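One structure below.
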Amino acid sequence: MLSFDQILVFVVLLFILISLYREILGPAFTFLVGVIVLGIFGVLTPSEILRGFANEQIAVILLLLLLGDIIRRTAVVEVIFDRLFKSARSHRGFLSRMTLLISGFSAFLNNTPLVAVMIPYVHSWCKKNNISPSKFLIPLSYAAILGGSATLIGTSTNLIVAGMVTDQTIIPDLEPLKIFDFISVGLPMIFIGWLYLMIFGSKLLPSRPDAMEQFSLGKREYLLEAKVKDKSPLIGKTTEEAGLRHKPGFYIVEIWRRGYKITVFGADFLLDKGDVLIFAGDTVAIADMISSNTGLVIPEVGMLTHKSRAEVVEVVVSQNSTIANKTVRAANFRSKYDAAIVSVHRNGELIKEKIGEVVLKSGDVLLLFTGENFVARTVATKDFYFISKVKELVKLEWYKSAVLLGGLLVAIVLAALDWFPLFLSLLIIIILSLAMKITQPRELPRAIDYNLALIIVLALALGIAMVKTGTADLVANGVIRLFAPLDKIGILAGIYLITTILAAYITSKAAAAIIFPIALQTAVNLQLDPMPFILVTAFASSANFMTPVGFQTNLMVYGPGGYSFNDFFKVGAPLTLLYMAVTITILSLIYF
């Protein structure tokens, strides 16, 4: 018979699963609501809810994010990319080099900024070699995932699992995870994943139009609103006389007059003050219209046309963006970022609503007209990622670059040898970067992902509740009974399968938080070494290839690559099964 506390924990878990899957609430707020409910009913005490803030791994995650942001803004990585990709000439050569290089970097640097920096290189190379970037963008994301899963610090999901190991109470003397505890599976999978992408990638990946090439050459259509301004020379003229009927690069789709939509109009249609013309056109034509004095104004752009510095750029809306599910007008983009959303492109779909009424979604590609303060205001934004380069990054003197990259390398070696804590090493590097003016104190707080920190703390509290109420033990016994006929290897595979399916639809961090206490309790109930059960949870959560929503880098390439949900499943499902087979085999050989 289930106790009230156990029923409550199951209800909270169900709420978290549904909310994350249906995107009812944001991940941080979803966990917050669940943990508060557990606190109200006395399942968790205030000290248990807040215990995660004292967890060293959370501090390490935040410091790594800070350091990664500093490195991204110094252009050190971009200089390396310039040199290594310059000589790539063939499809296979570029794919091979990109996969191995990004995997290697992702093992020690946060993979999100790496993918953000690499996307323009993919588009640029594809444009020069007349190859669709959709052949490379999914492999780019997968390479970042493969590398990030290979070490403790490669992905925040592994660090979350490490934090749970430190915080758990099931096994009091359990050793904390070390940096290279993941390497036995992670390193072979980098090369196996590389082989998989080299052999099957070209066959399975679609060949879609290049979003960046269409952007720069004017082949990609967007919708644009243009209003006939007061005292415009176009007032009283027909569309033919105004020269709007056969303008190269765009055409009129519809006209709005005093709130009414007109879709049928001829060459003799007379224009009036306040008319809003909806054009379908390529980016070159749109940029010309914005900058020209035709008697039309772009309402969303306004005074940005008078800025001394402006650019047209494309960005992709991130998974947990604060502007997602808001209309363009409600997003207040212009005042927040000194940029106007000129048009929206949604994975090949031509958005037909008036631009101010378009509800933005994760994965949308936004065409922006940016002012001179755009770069400064978007340094630490988590609302979107850049597809094209718009920032003029400061190039450091060689010794400052050495402090960053060399310092990180030394920190990793010292931590791997247990000679010096990683937390203190990272803290010293950041202090040095401040002292050498590589970064500014005011820039650091903007680079911290507070949502991620809150999610981790609350996830640790949820794990405590599952163990404390016996819910983890209950589910663990159910898993054992379900997979018992397959022996301990089958049970390990079952945990992997459940975790990876959850991670594909509710994100890797949430899956790790829910499954970790169950996996650990399963090991205890079977009287087996807990390490393979811990690692299998981490690998199954992090190695997320099947859906665009399961991992941040997948979402980053989803819109720019013109991919469908099925593209990720077609390429990612075999790789997921391959990763599962390798993980179970290697962990079984080492620990069983």
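Read the figures in this text as sums done on the coordinates, not as results from a lab. For clarity, every value in this text was computed on a predicted model and none was experimentally measured. Here the Cβ is made from the backbone with ideal geometry for all residues, glycine too, and neighbour counts use every protein chain on show.
General remarks:
- Projecting the Cα positions of 143, 386, 129 onto the charge dipole of the chain (unit charges on Cβ atoms of Lys, Arg, Asp and Glu, taken about the Cα centre) puts 129 furthest along the positive direction.
- Karplus-derived 3J(HN,Hα) values for the range 362-367, using 6.51 cos²θ - 1.76 cosθ + 1.60 with θ = phi - 60°, are 4, x, 5, 9, 9, 8 Hz; glycine and proline are entered as x.
- With neighbour counts taken as other beta-carbon atoms within 10 Å, the residues 469, 155 rank, fewest first, as 469, 155.
- Sites residue 195 and residue 262 - FRET efficiency at Förster radius 41 Å, r taken between beta-carbons, to 0.05: 0.10
- Stretch gain in nm, segment residue 416-residue 91, where the contour uses 0.36 nm per residue and the Cα spacing is subtracted: 113.3 nm
- Prolate/oblate/rounded label for the range 163-212 (Cα gyration tensor, a/c 1.5): prolate
- The range 444-487: C-alpha gyration tensor shape, a/c 1.5 cut-off, then a/b vs b/c: oblate
- Relative to its Kirkwood radius, the Cα radius of gyration of the range 523-592 gives an Rg/Rh of 1.12.
- Between amide H atoms placed 1.01 Å from N, distances below 5 Å from residue 343 occur with 367, all of them 5 or more places distant or on a separate chain.
- Between amide H atoms placed 1.01 Å from N, distances below 5 Å from residue 253 occur with 278, 279, 280, all of them 5 or more places distant or on a separate chain.
- Counting beta carbons within 10 Å around each of 48, 353, 314 and listing the fewest first gives the order 353, 48, 314.
- Value at 222 nm in deg cm²/dmol, rounded to 500, when DSSP H runs of n ≥ 4 in the chain each add -39,500 (n - 2.57): -17000 deg cm²/dmol
- On Cα atoms only, tilt of 531-542 relative to the major axis of the chain in degrees: 10
- On Cα atoms only, tilt of 27-40 relative to the major axis of the chain in degrees: 50
- Note on residue 183 and residue 443: the model spin-label points, each 7 Å out from Cα along the C-beta direction, lie 3.2 nm apart.
- Integer Hz, Karplus 6.51/-1.76/1.60 couplings in order for the range 567-572, x for Gly and Pro: 4, 5, 5, 4, 8, x
- Listed residue (490, 114, 19) projecting farthest to the positive dipole end of the chain, Cβ model: 114
- Option label - Cα extents along the principal axes in Å computed here, alternatives (1) 116, 50, 47; (2) 65, 63, 58; (3) 85, 57, 49: (3)
- The range 410-512, Rg to Rh (Cα coordinates; Rh as Kirkwood inverse mean 1/r): 1.15
- Crossing angle, helix 508-526 versus the chain [Cα axis fit, 0-90 degrees, rounded to tens]: 10
- Footprinting exposure proxy for 481, 442 (fewest neighbouring C-beta atoms within 10 Å first): 442, 481
- Rounded to whole numbers, the Karplus 3J(HN,Hα) couplings from phi for the range 549-555 are 8, x, 9, 4, 5, 4, 5 Hz, using 6.51 cos²θ - 1.76 cosθ + 1.60 with θ = phi - 60°, and x at Gly and Pro.
- Pairwise FRET efficiency - residue 25 versus residue 377, Cβ, R0 = 30 Å, nearest 0.05: 0.65
- In terms of its C-alpha gyration tensor, the range 398-437 has an oblate overall shape, because the principal axis ratio a/c (a ≥ b ≥ c, square roots of the eigenvalues) is not below 1.5 and a/b does not outweigh b/c.
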